[in-house]
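Asker: Next up is a structure, given as structure tokens.
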Amino acid sequence: MRQTMLLTAIIGLLAGSTAFGQSYPAEAIIFQSEVEVRSGPSKTFYPTSKLNKNEKVVVLRESKEAQGWLEIKPPVGSFSWINGKNVKQVDARHAVVDCDPARPVSILPGSTLVNQEPNRESMKLSTGTIVVIVDRPLTVNGQTWLPIQPHAQEVRYIPSDSVKPAAVVATNSGPANWNRTPDGFAANSVLAEAEQAVKANDVNRARYLFQQIATNSTDQNQKVYAMNRLASLPQSPTPGQVASNTKPQDTRVGSSPAALNLVELKQAQWTTYGRLRDTRMTREDGQSIYSLEDSQGKVLAYITTNPGKSLQTYLGMVVSVYGPTMYRPDSAVRLQYVVASHVAVP
């Protein structure tokens, strides 16, 4: 995404009952011919983008600053500005906020509509926060500014009379063809038997059964699942040998979530489908961190795995992953990520 209007100057940063009769967040539909999305709850705040009739938005809440305005999730194509002096780039697309812990830095909503200095602070980011760079940096008056993907807690604003509730549509909780029961896959007795072997600690039997599925199954999701389960099973050393098939980088201190002092933010669930990309970042125990991105390149989630597993073979593919969302509070990089245990493909 390349913003159509760039800043001519960036100076003077700022320091420091429901409308639909339903709970928020809620999906809504624009029913006016055109609506300007704004950086604040008033027409005095500069517009950041436009929405057209029948486009959908996610309404987060009614604005507490001004009646008649709704806080919405920044629409596709939204971006914000952060001063380059406050970040340290990891690669071409990722940077980490690097500032005084006692003085979080401001980010400001960017605009594709107006060519003026931003005058609205969206929020502040603390040191260690990862930001995703969405376009080339801009240098103004000797200072470099980076256009970044809006933070998960950022909002934009629209008038409440510009939308109507969207019809609620039932959705499937997991990827297509991924039908599981407590005993395994409902449609595959071999997978169910393999899972029972794992529970009984019969590793050799489980390995044999998963290998059969990985080789013979015509269901791509089941094949991928079996391959992941094979990778997660303990290695079986031959008599007189010690299992040592793990790579050197997989045998570092902190080889389990508990050792990394991880806190579970969300229970295990399936992510939405996205394309898996390499971020070139690693966890403290050396495990690679990936990003799951939509068709516009927006990061849907960050993904990693437990030691002994890898997602390298899925790079560039559209996948959905299953696992808990974890966070390490004592880490220098404040990143939430899904620890994947299963992968599914469309």
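Asker: Which one is modelled with the highest pLDDT, of the residues in region 211-237 that are buried (at least 17 other Cβ atoms within 10 Å of the Cβ) and β-branched (Val, Ile, Thr)?
Answerer: So the residue we want is ILE213.
Residue-wise test of (1) β-branched (Val, Ile, Thr); (2) outside any helix (DSSP H, G or I); (3) buried (at least 19 other Cβ atoms within 10 Å of the Cβ).
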{"position": "SER291", "(1), (2), (3)": "no, yes, yes"}
{"position": "SER295", "(1), (2), (3)": "no, yes, no"}
{"position": "PRO307", "(1), (2), (3)": "no, yes, yes"}
{"position": "VAL321", "(1), (2), (3)": "yes, yes, yes"}
{"position": "PRO324", "(1), (2), (3)": "no, yes, no"}
{"position": "PRO329", "(1), (2), (3)": "no, yes, no"}
{"position": "VAL339", "(1), (2), (3)": "yes, yes, yes"}
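Asker: May I pose another question? For region 93-103, state whether one or more residues are acidic (Asp, Glu) and farther than 15 Å from ILE158 by Cα.
Answerer: Yes, region 93-103 contains at least one residue that is acidic (Asp, Glu) and farther than 15 Å from ILE158 by Cα.
Asker: Being in contact with a Leu (Cβ under 7 Å, 6 or more places away or on another chain), assigned to a strand (DSSP E or B) and charged (D, E, K, R): is that true of ASP285 here?
Answerer: no
Asker: Could you check region 19-48 and list, in sequence order, the residues that are outside any loop (DSSP other than H, G, I, E, B) and either more than 28 Å from the chain's Cα centre (by Cα) or modelled with pLDDT of 95 or more (or both)?
Answerer: Result: GLU34, VAL35, GLU36, VAL37, ARG38, PRO47, THR48.
Asker: Taking the condition of being farther than 25 Å from ALA92 by Cα and either modelled with pLDDT under 80 or assigned by TED's automatic domain parsing to the domain that holds ALA92 (or both), how many residues in region 264-313 meet it?
Answerer: Here the count works out to 3.
Asker: Output the residues belonging to region 317-341 that are modelled with pLDDT of 85 or more and out of contact with any Ser or Thr (no Cβ under 8 Å at 6 or more places or on another chain).
Answerer: The answer is MET317, VAL318, VAL319, PRO324, THR325, MET326.
Asker: Turning to a different aspect of this structure: Would you be able to say whether some residue in region 10-18 is more than 27 Å from TRP145 (Cβ to Cβ) and modelled with pLDDT under 90?
Answerer: Within region 10-18 (the criterion being more than 27 Å from TRP145 (Cβ to Cβ) and modelled with pLDDT under 90), the answer is yes, since at least one residue qualifies.
Asker: Looking at (1) surrounded by 16 or more Cβ atoms within 10 Å (Cβ to Cβ); (2) modelled with pLDDT of 75 or more; (3) of a type in the set (Gly, Ala, Ser), can you tell me which one GLY184 breaks?
Answerer: Unmet condition: (2).
Asker: On to the next question. Identify all residues within region 125-145 that are under 21 Å from TYR302 (Cβ atoms) and either surrounded by 15 or more Cβ atoms within 10 Å (Cβ to Cβ) or among the charged types (D, E, K, R) (or both); write none if there are none.
Answerer: Hits for region 125-145 are LEU125, THR127, GLY128, THR129, ILE130, VAL131, VAL132, ILE133, VAL134, ASP135.
The values are calculated or read from the model by the stated rules, or taken from the named source; none is laboratory data. Keep in mind it's a predicted model, so treat the numbers as computed, not measured. Positions of Cβ are backbone-derived with ideal geometry, glycine not excepted, and every protein chain shown enters the neighbour counts.
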